[in-house]
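Laboratory data are not the source of any read-out in this text; all were calculated from the coordinates shown. Note that the structure is a prediction, hence the values are computed from the model and not measured. Cβ: placed from backbone, ideal geometry, glycine included. Neighbour counts: every protein chain shown.
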Amino acid sequence: MHRAAGLIGLLGAVLAVGCGTTDRAESSAGQGLFAQDCSVCHSLSGRQSPQRQGGDLLMLHMGREAMHQFVQEMPVRHRLSPAQLRDVAGYVLAVERSGRPG
C-alpha cells in the first residue's frame, strides 16, 4: 500500500510539472528577483537598450540548464540561493516562451 501511495504522489508531482504549476510559481517569484537583481543590466523587452550593458534577454533561446548556468554566473548584489536561481531562470524562460515582453 505504501508503494502505491508513493507512486501516486510521484505521478502527481510529474503531472504538476507537466501542467506548468511549477513554472508559474518560478515565474512569479522570479519576476521580483529579476526586477531587483537583474534589470540593472538586462531587459526582457525585445529591444536593446544602451542603458543596460547586459543586453536584452528576450530572444536568448537557451534551454533550462543553460539558462540556470547563465543566471548563476551573473554578478548580483547578493548571492542568490539555488531556489532563487531556479526562479529567475524559470521567469526568463517563461517570458521568452510567451513571446511577450516581461
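Below are the figures for this structure:
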{"item": "Counting all C-alpha pairs of the range 24-98, share separated by more than 18 Å (%)", "result": "30 percent"}
{"item": "Gain upon complete extension [residue 28, residue 62; 0.36 nm per residue less C-alpha separation]", "result": "10.3 nm"}
{"item": "Footprinting exposure proxy for 56, 87, 37 (fewest neighbouring C-beta atoms within 10 Å first)", "result": "56, 37, 87"}
{"item": "Table column - 3J(HN,Hα) (Hz), the range 71-82, Karplus curve with 6.51, -1.76, 1.60, x for Gly and Pro", "result": "5, 4, 8, 6, x, 10, 4, 9, 5, 8, 6, x"}
{"item": "Point-to-point label distance, residue 74-residue 98, nm (Cα→Cβ direction, 7 Å offset)", "result": "1.6 nm"}
{"item": "Cleavage-rule hits, trypsin sites (Lys or Arg not before Pro), the range 69-102, DSSP coil, Cβ neighbours within 10 Å at most 15", "result": "77, 79"}
